[in-house]
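To start, the structure itself, in structure tokens.
Read the figures in this text as sums done on the coordinates, not as results from a lab. The shown structure was predicted, so the numbers you read here are calculated from the model rather than taken from an experiment. Note that each Cβ is placed from the backbone with ideal geometry, even for glycine, and that neighbours are counted across all protein chains shown.
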Amino acid sequence: MVGAFYLSFKHQDVWGAAGSISGGVDIVPFPSSWDISKQLGKYSDFPENWKNNSVINMVDLLQRDSLKLIFDCGIDDFFYDANFRLHNTLKEKNIPHDYTERPGMHNWDYFSNSVEYHILFFKRYFNKLSLIKNKI
């Protein structure tokens with residue numbers, strides 16, 4: 001689900017809200033994983049490609065109130081550190097967001113619980129958007 005952050009950070013004029021559950025918001029620590037090097041080149045040869053395509057390094061693209069953001073990560077997830085760092089970076093830049101960490105790992109038990117919170121977040125977002133459009 002990190003694709004939602006990647007796309008929305010780069011295209012804030014298209015997206016109004018985005019969410020990520022246990023997302024790989026920083027791919028730099030994983031140079032041998034998921035065949036990313038087939039797309040970006042080997043990290044040792046093309047470190048800028050890896051840094052420029054990590055969501056955590058795209059925060060400077062964000063305009064303060066351009067997106068409604070929600071993300072979370074289990075504290076035992078291998079992506080926890082990166083998600084926690086993204087949360088702190090967003091706080092430092094005064095970018096509003098919803099961030100939650102709970103016990104859990106990178107597995108379906110965690111995801112199936114988390115998705116309920118995301119559904120509620122997006123329901124509220126779209127309900128508010130609908131109210132605004134109906135007033136016009």
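Ranking MET58, MET105 by Cβ neighbours within 10 Å, fewest first, what do you get?
MET105, MET58
Stokes-Einstein at 4 °C, 1.567 mPa s, Kirkwood radius from Cα pairs: D for region 2-135 in µm² s⁻¹?
82 µm²/s
If the cut-off is 22 Å between C-alpha atoms, which lysines fall inside it for LYS91, apart from same-chain ones fewer than 8 positions away?
LYS10, LYS51, LYS68
With the chain treated as a Gaussian network of Cα nodes joined by springs under 10 Å, which of ILE27, ILE119, ILE70 yields the largest mean-square fluctuation?
ILE119
Kindly provide the helix-only [θ] at 222 nm of the chain, computed as the sum of -39,500 (n - 2.57) over DSSP H runs of four or more divided by all residues, to the nearest 500 deg cm²/dmol?
Values: 5 runs with 60 residues, N = 136.
It comes out at -13500 deg cm²/dmol, rounded to the nearest 500.
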